[in-house]
Structure formats: structure tokens, C-alpha cells
Amino acid sequence: MWLCERTRGVWRPQGSGGVLRACVAVMLLGLSLSQAGPPQTACPAAAPLDLTEVVYQDTTAKDTGLGFMVPLIQSFLHTVQPNPFPEEIILKTINSYPQVTSDQELIKKAVQYEVGFLVCAAIGVLYIVLMPIVGFFLACCRCCGNCGGRMYQKQTSSIDCRRKTLYWSTLVTTLIILAGNICMFRSNEALKVSVDDTPVQLNKTFDNMQTFLTAVPKQIQEVLDESSNTIQEVTRNLDEIGPKLGAEIQRQFKGTLDQALLPVKRLNQETSSISVQLKELDSSLVQLQSSVDQVQGNFRDVKARIDLTLSNPNCPLCPALKAVVQTQTLDIPVTITIPNELQSAVDEVVRINLSAKIEEVESSFASIPQTVAKETEDMVRRSKQQLSDVQTQISEISTMIPLTSLTKISESLSQVHGQINVVTAEVKKYEYIRWGVCVFLCCVVLLVVVCNLLGLVLGPLGLTPSEDPTKRSCTSDSGGTFLVMGAGFSFLFSWLFMIVVVLLFLVGGNVYVLVCRPWNDGQLLKFIDSTNLSTQITQPLGLETKISLSEIYRDCEENKPVWTTLHLNELINLDEVLDVSKYTEQIKREFENTDIPLSTINLLSPEVKNQLSSFSSKAKGLDSSAITQQINNVSRINLNTTADKLDLAATKVDPPTDAELRDEASDLRKIQASIESTIIPQLENLNSSVESLQSMTEEINGTVGEVLRNVEVAQDFLNTNTPQIVKTESRKFLDCQLGYFTAYADWAKLAITQKVGRCQPIAGALDSAEIIVCQYVVQSLNAFWCSLGWCLIFFIPSIILSIKLAKYYRRMKRSDVYDEHVVMNSIPRAQMKIP
């Protein structure tokens with residue numbers, strides 16, 4: 001009898017035999033696990049998580065195309081202002097505003113600091129004053145007929161050398177002015193492109209800032225949402241504790257039960273086969289007996305007729321033949337019998353119904369998940385409450401991090417962005433005017449260059465050196481006129497342009513020195529750190545520690561997270577917030593206090609074991625040699641010999657005895673043929689069945705022995721290890737669930753401290769501001785005034801050289817011919833006319 005009963009105790013083997021069975025059980029467990037394939041985990045490991053990647057727009061600076069001018073201008077400005085950043089002066093200016101003009105000491109220091117710019121400005125003012133004065137006197141000379149000197153040119157032996165020297169000097173000076181003019185055009189266009197690109201760069205920068213400010217709360221929320229996912233996953237696993245934990249417990253039992261049930265199933269099949277074989281054997285014996293009885297009856301009838309025929313007195317040979325026939329017998333005994341013990345043993349095993357017992361064991365095995373689910377209902381409910389408390393504790397992170405401050409900063413940036421867009425629209429309108437004015441300045445300088453170049457081209461083309469100066473061609477005279485026009489335009493516009501140069505120099509140079517240079521080398525951020533501006537920036541975030549902008553910029557330039565940059569560890573203790581040990585310990589205690597009793601499976605009752613042992617001992621004694629002997633005996637029967645004798649006797653007797661003998665001989669042959677076609681095949685078939693049955697009965701002993709051994713070992717294993725297996729698998733299941741929290745806590749700590757809010761966009765915003773202010777606007781502006789100043793400086797030698805060179809191309813009023821060191825004056829000095 002098989003029993004399935006509830007138990008909370010632990011079965012222990014008794015004596016040395018119990019120890020031996022326990023050892024065998026452990027070996028069987030190892031074998032079963034090795035054959036069970038790779039184990040399946042109840043809780044698969046969580047996939048590695050990652051935050052949503054934030055994509056920012058590219059704010060890389062574009063090349064302004066100013067080339068060599070930028071280092072040239074910066075070198076000049078470093079020479080003009082070699083002093084370091086004036087932190088003290090600026091701080092005093094800010095603190096004493098608006099009473100700055102009353103602080104004479106501060107003004108004195110500021111003037112001393114700006115002495116380089118003031119000297120340059122003084123030179124510019126001197127240029128502005130002297131240039132129109134010199135131009136005025138030149139104009140007066142022109143009115144007096146002496147513009148460019150008297151219209152008389154003394155002819156000497158060195159006149160060609162002087163003209164060529166002046167020509168090449170003027171050409172070089174003009175080309176230098178042309179180079180400066182080209183730089184003016186390029187710098188003007190660069191400034192225009194910079195102003196046009198500034199709104200695009202600003203929009204990208206503000207968009208990146210907004211993306212960053214909105215991404216930080218989203219990433220924090222992702223971390224918190226992942227805690228919800230983790231808790232939901234653990235909750236689902238707890239809801240499915242029956243199938244999950246039950247399946248793991250089943251996996252531990254499966255190998256042992258399979259090893260025990262496999263021979264039982266095989267024994268059940270063999271017993272069924274023996275039972276079927278016994279039934280078929282009985283049916284074959286009945287059929288064989290019927291065939292033997294029929295053949296023997298036919299033989300007796302034929303033998304009786306032969307005896308009657310051979311009793312005829314008219315047959316002299318019959319008495320001798322009769323003696324031979326009377327000795328012929330047909331004895332086919334069917335003596336095959338099945339031992340009653342074998343039949344009864346088989347019947348007993350069939351009545352046991354091993355199939356039902358196997359189904360009972362498998363049903364008890366399959367009910368383990370339902371039992372686990374039922375016994376852990378209360379524990380699961382209490383654990384879910386603990387999980388709810390865990391989620392509440394983790395959600396407090398969002399209240400500790402100053403996310404509302406980020407929202408306010410984002411709103412402020414939106415307002416600033418809107419105002420900048422309005423200002424940008426206005427700047428575009430004035431930019432067109434500025435660009436037009438600068439183009440006009442460039443064109444005026446180009447006009448001077450064109451006049452000089454026309455003079456340098458037309459003068460030599462129309463000049464014949466040996467020709468009388470009073471008879472020079474119109475082309476040559478026009479060349480000289482263009483040179484004088486270039487000088488006149490230079491006098492007319494240069495002093496006005498110098499005003500522009502001085503103003504742009506003072507503005508652009510000081511912006512570079514006071515803003516761009518300290519911004520580039522970090523002095524500006526250090527200066528801001530020395531004020532309370534950094535406190536005003538970090539105070540809205542609720543930070544207790546004062547953080548310098550230099551530190552923020554340095555960390556953000558390395559793309560560090562806001563946790564490190566803003567020292568949020570002083571506000572939030574992540575180790576404490578993410579420490580859920582008090583809840584997990586409570587869940588552990590709930591598991592430990594929960595008992596999961598399983599139905600104890602008794603594989604075979606003692607009565608069944610005794611019946612199987614009896615069956616094993618009785619399943620023998622079946623001998624197939626008897627049937628083999630009977631087949632041999634039947635094979636020796638030969639009625640054809642007797643029939644041949646009857647046919648021979650029929651040839652020696654008179655009718656009608658001969659016909660009777662032939663008929664009886666034919667009947668004997670028919671009986672012999674029936675024996676060979678029916679009796680012998682049935683005997684052979686019967687022999688095969690007996691041999692098969694004998695083989696089955698011989699295998700029964702080994703199968704029953706294997707069943708008893710494996711069942712004994714498996715039963716000892718189940719009785720000994722069931723509680724420990726349940727406890728071990730329960731602990732594994734619990735550790736797996738708590739592992740979710742450990743993995744989440746580690747990931748959340750890593751994400752918040754190393755991945756959330758990588759602040760490279762903050763440094764990018766400052767870099768973009770530097771690009772817009774310094775690389776775009778200031779560089780282009782400085783390049784323009786430098787190019788224009790470059791041209792104005794070379795206007796001075798250009799004026800001198802072009803006026804001197806013009807005399808060699810213009811048509812003179814007086815002739816002075818140099819020939820063999822004799823000078824002939826064709827026109828008296830008093831008779832000169834004003835040209």
C-alpha cells in the first residue's frame with residue numbers, strides 16, 4: 001500500500017544500514033542531477049540597465065577665416081596692455097558705483113592700467129589733428145600753383161634712378177595698403193557672418209541648456225521608476241512563488257524519483273507482457289489440443305478400416321501386413337503446463353496495479369507547486385507590504401534633490417532666451433547698416449588704392465624718358481593726376497577713418513584685454529568666484545557649501561555628473577536612502593518563520609515489496625525442453641511408410657481388396673500431411689511462445705531486484721532530505737529576490753553619482769558664450785580696426801611717395817633738358833605760368 005501523508009517531521013535512517021542508505025541516496029542524487037541537464041534559475045539575473053542617452057547639438061566654433069591676423073592682433077594687444085587682470089580696480093569700481101568719479105585714487109590706478117591704450121589713442125588723435133592740417137596746407141599750395149612742387153623738373157643724370165626708386169616704393173606701399181584693404185573686406189564679412197551665426201549658436205546653446213535641465217529630472221525619475229520595476233518584478237515572483245519555488249523543489253526531487261520509477265514502469269510493462277503471453281500460451285495449447293484430437297480421431301478411423309480390410313480371408317498377404325499395421329500408433333501427447341505459482345504470482349502483481357501507483361506518485365510530485373503556493377499565502381501578503389514601504393523610502397530621493405530649483409532656472413533661461421531673440425532681431429537690422437558703413441570705408445580705401453594703381457600703370461605707359469617734360473603725353477599726365485588724386489583722397493578721409501579706428505580700438509582692445517583674455521586663461525572665473533556671484537548662483541539649488549564657478553566649469557568640462565559637481569552628497573546620504581536592509585531582514589524572517597510541509601511520498605508499501613519478492617521467486621520453473629521433445633517425437637512419426645506397404649499389398653490382391661487398400665493408404669498420407677502442416681507448426685509456435693515467456697520470467701528477477709533497491713534508496717533520500725531541500729530552495733528563492741534590491745541599489749547609486757546629469761552642456765554654454773563674444777565679434781571687430789589702421793598708417797608714405805612720383809609723370813610748364821652736362825633753360829624763371 002502506498003501512502004501520501006502530511007508531515008512536519010524529519011525522517012532519519014536508523015543504524016548503520018540507515019547510514020549506508022543515506023550515502024547511496026546522496027550518490028543517487030548526484031547522478032540524477034548530472035542527468036537532469038543544466039539547472040534553471042527561479043529568478044533570472046536582471047539585465048544591466050542604463051539611462052536614456054541625452055543628445056545635444058554641436059556648438060563647435062566655426063573658423064572665422066581671419067587667419068594670421070588673430071595672433072598678430074593679440075600680440076599687439078599684449079604689447080599694448082601687458083598688465084595682469086585688474087581685479088582690485090574692477091572690484092573697487094563695482095563697490096563705489098556710482099560715485100566712481102569722486103575716487104581720484106581709483107581713477108589714477110585705472111589711468112595707469114590703461115596707459116598703453118591711452119598712448120595709442122593719443123597717437124591716433126595726433127593723426128586725426130595733423131592729417132587735415134597737412135592736407136589743408138597742401139590744398140593751399142595747390143591753389144597757389146605749387147601742388148606737388150613747381151611745374152618744373154630739373155633734369156639730372158640720376159633722374160631715372162630716382163623715378164624708379166619712387167615708383168617701386170609707391171607700388172610696394174600701395175600693395176601693402178591693398179593687402180590691408182583685403183583684410184578689411186574679409187574682417188567685415190567675417191563680422192557679418194559672425195553676427196548672422198550668433199543667433200544660431202545662441203539657440204543651440206540655450207537648447208542644450210534646456211535639454212540638460214529637463215534631462216536631469218527625467219533621469220532621476222528613470223532611476224525611481226526602475227525601483228518600481230524592481231518591486232513589481234519581485235511582487236510578480238512572490239505571486240508566482242508556487243510555480244517558481246515549487247519547480248525548483250521538483251527539480252531536486254526529479255532525478256531521484258525518475259531513478260526509482262523507471263524500473264517500476266519497466267516492471268509494470270514486463271508483468272503486463274507476461275500476463276498477455278500467458279493468455280496467448282493458454283489459447284495456443286487449447287488450439288493444439290483440438291488439432292491433435294482431430295488427427296488422432298481420423299487416424300483411429302482409418303486404422304479400424306485397415307484392420308477390417310486386412311481381415312479378409314481371400315487375401316493371403318493380409319495377415320502379415322495386419323501385424324505391421326497393428327504396431328503403428330499415433331501418440332501426440334500435449335503435456336505443456338504453466339506452473340500455477342507463476343500464474344498466481346502474475347495475477348497478484350496485476351492486482352497490485354502498478355500503473356495506478358505510478359500515477360499516484362507523479363500526482364503527489366506534481367502537486368508540490370500548489371502546496372507551496374497555499375502554505376506561503378500569508379507570508380507573501382506581508383512581504384508585499386514590506387515592498388510597498390521600500391518603494392516609499394526610495395521615492396523620497398526626488399524630494400531631497402533640488403529639482404524644483406532646476407525647473408526655476410529652466411524657466412528663467414526661457415525668459416532670457418526670449419529677450420535675447422527680441423534683441424537679436426533688432427541687432428540684425430542695425431547689422432545691415434554697420435555692414436554698409438564698413439563696406440563704404442573699405443571702398444574708400446580701395447579708391448585710394450585704385451588711384452595709386454592707375455597712376456602707377458598709366459604713368460609708365462605714357463612716359464618717354466628722353467622726351468621733353470613739357471611735352472609728356474596725356475596718358476603719362478593722367479597717371480600723375482591719379483597719383484595726386486590718391487593723395488587727395490587720403491588727406492580727405494584718413495583723419496575721419498582714424499576716429500573710427502581709435503574708437504573701435506578702445507572698445508575692441510579693452511574687451512579683449514578685460515574679458516576675452518582673462519576668460520580664456522580662467523582669470524575671469526576666478527574673479528567672479530571672489531565676488532558673491534557664485535553664491536547667488538548656487539544658493540537657489542539649496543546647497544550649503546559655496547561652490548566656485550571655476551570648480552563647476554572644470555568639472556563640467558570633464559563631463560562629470562551633477563552629484564560630484566554640486567557636492568550633493570552633503571544634502572543626500574544615498575547609502576542611507578538606498579539601504580533597505582531593515583525591510584529585507586523582515587522579509588527574511590517572514591520566510592524563515594514560514595513552514596512549507598510537503599506530502600511525504602511512500603513509493604512502495606511493505607506488502608507490495610513482499611508481493612514483488614514473491615513474484616520474483618515464483619517467476620521461474622517454466623521449461624521449454626518438454627515441448628522440444630514433443631516436437632521431436634512428432635517429427636519421427638511417418639505414416640507414409642505404412643501407406644507404401646498398403647499400396648504394395650494392393651498390387652498382390654484381387655479386387656475389390658486392392659482398391660480398399662489404396663484408399664486407406666491415401667487416407668494415411670492425408671493424415672501425415674495434416675500432421676506436418678498443422679501439428680508441427682503449432683508445436684513450433686508454442687515452443688517459441690514458451691521460450692519468450694521463459695526469457696521474460698528470467699528477466700523479472702533482475703527487474704524486481706532493481707525496483708526494490710532503487711525504491712529503497714529513493715525512499716530514504718526523500719525521508720531524509722525533503723525538509724532540507726525545501727529550506728535550501730526557499731533560501732535560494734529569497735536570496736534571488738533580495739538580489740534584485742541589491743542590484744538595483746548598486747545600479748541606482750552608480751547612476752545617480754556617476755551618470756545622472758553629466759554637465760558638459762554647462763561648460764559648453766560658457767564656451768559658446770566665449771565663442772560668440774570673443775572669437776566671433778571681438779576678433780572680427782579687432783581685425784577690422786587693425787586692417788583699417790594698417791591702411792591709414794601706410795597712407796602717410798603713400799601720400800609722400802605718390803606726390804613725389806606724380807612730378808615724373810605730369811606735364812611740366814618749364815623745360816630743363818640735360819645733354820652732355822649742359823643745362824639749357826628755355827624759359828626764364830619769371831615767365832613760368834601756373835598750371
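The values are calculated or read from the model by the stated rules, or taken from the named source; none is laboratory data. Keep in mind that what you see is a predicted model, and the values were worked out from it rather than measured. Backbone-built Cβ (ideal geometry, glycine too); neighbour counts: all protein chains shown. Ligands, DNA and RNA are excluded from the accessible area calculation, which covers all protein heavy atoms including side chains. Shrake-Rupley method; radii C 1.70, N 1.55, O 1.52, S 1.80 Å.
Can you pick out the pairs among Lys408/Lys560; Lys357/Lys609; Lys471/Lys804; Lys408/Lys749 whose Cα atoms lie more than 24 Å from each other?
Numbers: Lys408/Lys560 22 Å; Lys357/Lys609 13 Å; Lys471/Lys804 19 Å; Lys408/Lys749 26 Å.
Over 24 Å Cα-Cα: Lys408/Lys749.
How do Phe117, Phe794 stack up against each other in accessible area, from largest to smallest, with a 1.4 angstrom probe?
Phe794, Phe117
Quick one: accessible surface of Thr392, probe radius 1.4 Å, all protein chains present, in square angstrom to the nearest 10.
Number for this one is 80 Å².
Let a ≥ b ≥ c be the square roots of the eigenvalues of the Cα gyration tensor of segment 434-509; is it rounded (a/c under 1.5), or, if not, prolate (a/b larger than b/c) or oblate?
Prolate is the answer for segment 434-509, as a/c is 1.5 or above and a/b outweighs b/c.
By its C-alpha gyration tensor, with a ≥ b ≥ c as the square roots of the eigenvalues, how is segment 702-776 shaped: rounded for a/c under 1.5, else prolate for a/b larger than b/c, else oblate?
Numbers: a/c = 16.15, a/b = 4.99, b/c = 3.24.
Note, shape of segment 702-776 comes out prolate.
According to the square roots a ≥ b ≥ c of the eigenvalues of the Cα gyration tensor, what is the shape class of segment 646-743, taking rounded for a/c under 1.5, prolate for a/b larger than b/c otherwise, and oblate for the remainder?
Since a/c reaches 1.5 and a/b is larger than b/c, the shape of segment 646-743 is classed as prolate.
Which value, in debye to the nearest 20, gives the size of the charge dipole of segment 656-785 about its Cα centre, when Lys and Arg are +1 and Asp and Glu are -1 at the Cβ?
Values: 10 positive and 18 negative charges, 377 e Å.
It works out to roughly 1800 debye.
Around Pro761, under 14 Å between beta carbons, what's the net of Lys plus Arg minus Asp minus Glu among the other residues?
Details: positive: Lys204, Lys560, Arg758; negative: Glu53, Asp58, Asp207, Asp555, Glu557, Glu558, Asp767.
Taking every other residue near Pro761 into account, the sum is -4.
What does the charge count near Gln391 come to, summing +1 for each Lys or Arg and -1 for each Asp or Glu among other residues with Cβ under 13 Å from its Cβ?
-4
Under unit Cβ charges (Lys, Arg +1; Asp, Glu -1), what dipole magnitude, rounded to 20 debye, does segment 670-725 have relative to its Cα centre? Present the calculation step by step, with values, prior to reporting the outcome.
Numbers: 2 positive and 8 negative charges, 34 e Å.
It works out to roughly 160 debye.
Using the Karplus curve 6.51 cos²θ - 1.76 cosθ + 1.60 with θ = phi - 60°, work out ³J(HN,Hα) for each residue of segment 557-569 in order, rounded to whole Hz, and write x for Gly and Pro.
5, 8, 6, 7, x, 5, 4, 6, 5, 9, 6, 5, 5
Using a cut-off of 12 Å between alpha-carbon atoms, which aspartates and glutamates can reach Lys526, once sequence neighbours fewer than 8 places away in the same chain are excluded?
In chain and number order, the partners are Glu87, Glu551.
Check Arg758: other-chain or 5+ apart residues with amide H under 5 Å from its amide H, H built from backbone geometry?
Val562
Ile771: net charge of surrounding residues, Cβ under 10 Å, Lys/Arg +1, Asp/Glu -1, itself excluded?
Taking every other residue near Ile771 into account, the sum is -2.
May I ask you to rank Tyr167, Tyr776 by accessible area, largest first, using a 1.4 Å probe over the protein chains only?
Correct descending sequence by accessible area is Tyr167, Tyr776.
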